[in-house]
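Readers should treat all values here as calculations from the given coordinates under stated rules, not as data from a laboratory. Source: prediction; values computed, not measured. With ideal geometry, Cβ positions are generated from the backbone for all residues, glycine too; neighbour counts draw on all protein chains shown.
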Amino acid sequence: MTSPTIMIVGANGLLGQKVTEFLARGTSYHLVLAGRTASPRLQVPESSYLELDITKKQQVREAVAEHKPTVIINAAAMTNVDTCEKERETAWKINVTGVENIIEAAKRLDATVVHVSTDYVFDGKDGPYAEDDRPEPINYYGRSKLASENQLRASGLRYLIARTMVLYGFAVEVKSNFALWLVRNLEERNPVRVVDDQMGNPTLVDDLAHAIISAVELEKKGVYHVAGREIVSRYDFALRLASVFGFDAELISPVKTAALNQPAQRPLKSGLITLRAEVELGYRPSTVDEGLAILKGQLSRTPRRLPDSAPIPGRKR
């Protein structure tokens, strides 16, 4: 009997690599990995890999028609909030048109689409938020992600939307995220300024990947909030990271969001309520300290070059 096929779009990114890694440990699925580079960053025996640009409709249509996935997991997105604000046409092409292309191709096979979204669909005035709370994005990144959600809702396909936030972790040659930026700077004893007025659940990528796989295996549909167990400020997260890794917390100073003069507005009082995922998916989110301890262990076991230490206060899932 032929194993079901799962296509992972954005397979070379942080989440794409984690989902691939965990799925590859089992034998239940044939994996088709798709990314924008000529070769995969994670080598997986008995999987297929293809170079794919989701903004190209014909490429997506041909790839899906050839490999016939039963599930398409879309882990591809433009996630730098300030870049999305400044380069709106590109952000829309990747975050919305790309999803439309996946939907159009999936309809031909009646495939399930799993899509990753963000707490930035909310305005951050009255968090934390449940799945049924009214979205009110305040920046272009959030608007593009809400538009992609709406495309899926209207598609008639079986779909799952996993909203997450402050995603962090480590994988092969990934671009920086908040935790890796902190690790690199604090290792080098560079002072960092971190906002103390943005609240949310920092989310270990391993937890999100496990939740997505559980949802696929349980054949769930709809919207799920998948985030870390604790709601803390970015500044408090940085202090906790310094403690877990043994860095000098004196290098970390608080700053208000308004003082950074960033192009895009940020939701301040955010956060996601994860009860539905916990009940229906068996999701067990890590605390901040648990997630950071896992990250520390992964970094200690892995020969690595951390991403460049340029400031990334605009980075976000």
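Evaluated at 4 °C with a viscosity of 1.567 mPa s, what Stokes-Einstein diffusion coefficient in µm²/s does the stretch 1-160 have when Rh comes from the Kirkwood expression over alpha-carbon pairs?
This corresponds to a translational diffusion coefficient of 80 µm²/s.
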Can you work out D for the stretch 169-299 in µm² s⁻¹ from Stokes-Einstein, where Rh is the Kirkwood radius over C-alpha pairs, the temperature is 20 °C and the viscosity is 1.002 mPa s?
135 µm²/s
For peptides 129-142, 161-174, sequence by mean Cβ density within 10 Å, most packed first
161-174, 129-142
Counting each DSSP H run of 4 or more residues in the chain as -39500 (n - 2.57), what helix-only mean residue ellipticity at 222 nm follows after dividing by all residues, to the nearest 500 deg cm²/dmol?
-10500 deg cm²/dmol
Among rounded, prolate and oblate, which fits the stretch 91-152 when a ≥ b ≥ c are the square roots of the eigenvalues of its C-alpha gyration tensor, a/c under 1.5 means rounded, and a/b larger than b/c means prolate?
oblate
Could you state the principal axis extents of the C-alpha atoms in the stretch 1-53, from the largest down, to the nearest angstrom?
32, 17, 15
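Based only on Cα atoms, what mean projected area does the convex hull of the stretch 129-243 have, in nm²?
With every direction weighted equally, the projected area is 9.0 nm².
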Karplus 3J(HN,Hα) series, Hz, for the stretch 294-301 with 6.51 cos²θ - 1.76 cosθ + 1.60 (x for Gly, Pro)
5, 4, 4, x, 5, 5, 6, 9
HN-Hα J in Hz across the stretch 161-174 - Karplus 6.51, -1.76, 1.60, θ = phi - 60°, x for Gly and Pro
10, 9, 7, 9, 6, 6, 6, 9, x, 9, 8, 5, 6, 7
Bridge type composition, the chain - antiparallel percent by DSSP, nearest 5:
5 percent
If the convex hull of the alpha-carbon atoms of the stretch 40-80 is projected onto planes in all directions, what is the mean projected area in square nanometres?
3.8 nm²
Provide the three semi-axes, in whole Å and in decreasing order, of the ellipsoid equivalent to the chain as defined by the square roots of 5 times the Cα gyration tensor eigenvalues.
30, 22, 18
Listed by chain and number, the residues whose amide H is under 5 Å from that of residue 122, excluding neighbours fewer than 5 places away on the same chain and using placed H, are 136
For the stretch 136-201, diffusion coefficient by Stokes-Einstein and Kirkwood Rh (Cα), 4 °C, 1.567 mPa s, µm²/s:
86 µm²/s
